[in-house]
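The structure under discussion appears below in the form of structure tokens.
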Amino acid sequence: MSHRNITTASGLRRHLRGQAYVEYIVAAVFLIAALFAPVFNGESAMSWLIAAFQANQESYVWAMSVPD
């Protein structure tokens, strides 16, 4: 990384904002990779989340179809 002389406040804010974007992108890529990495007997955490949402939706549909 180059060491530039940032003399104005707006230049410093712009530099720090660029740093925040890079950190945000790195964290987002890491989170997405962690969700789709196979960890539970070859299944990813995302597949478990999708299965949980589907089971919840099926339960809701069943409960709505039962007459009072």
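Laid out as a table, the results:
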quantity	calculated
Which of TRP62, TRP48 has the fewest Cβ neighbours within 10 Å, and the rest in rising order	TRP62, TRP48
Degrees between helix 45-65 axis and first principal axis of the chain (Cα, 0 to 90, nearest 10)	40
Computed helical MRE - 222 nm, the chain, DSSP H runs ≥ 4 contributing -39500 (n - 2.57), nearest 500	-25500 deg cm²/dmol
Amide H within-cut-off set for SER44, under 5 Å, with H built and near neighbours excluded	VAL39
On Cα atoms only, tilt of 9-36 relative to the major axis of the chain in degrees	30
Bins of 10 Å from zero: percent of alpha-carbon pairs in the chain	16, 22, 18, 17, 15, 8, 3, 0
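Every number in this text was worked out from the coordinates using simple rules, so none of it is lab data. What you are looking at is a predicted structure, and each value in this text was computed from that prediction instead of being measured. No Cβ is skipped: glycine too gets one built from the backbone with ideal geometry, and neighbour counts run over all protein chains shown.
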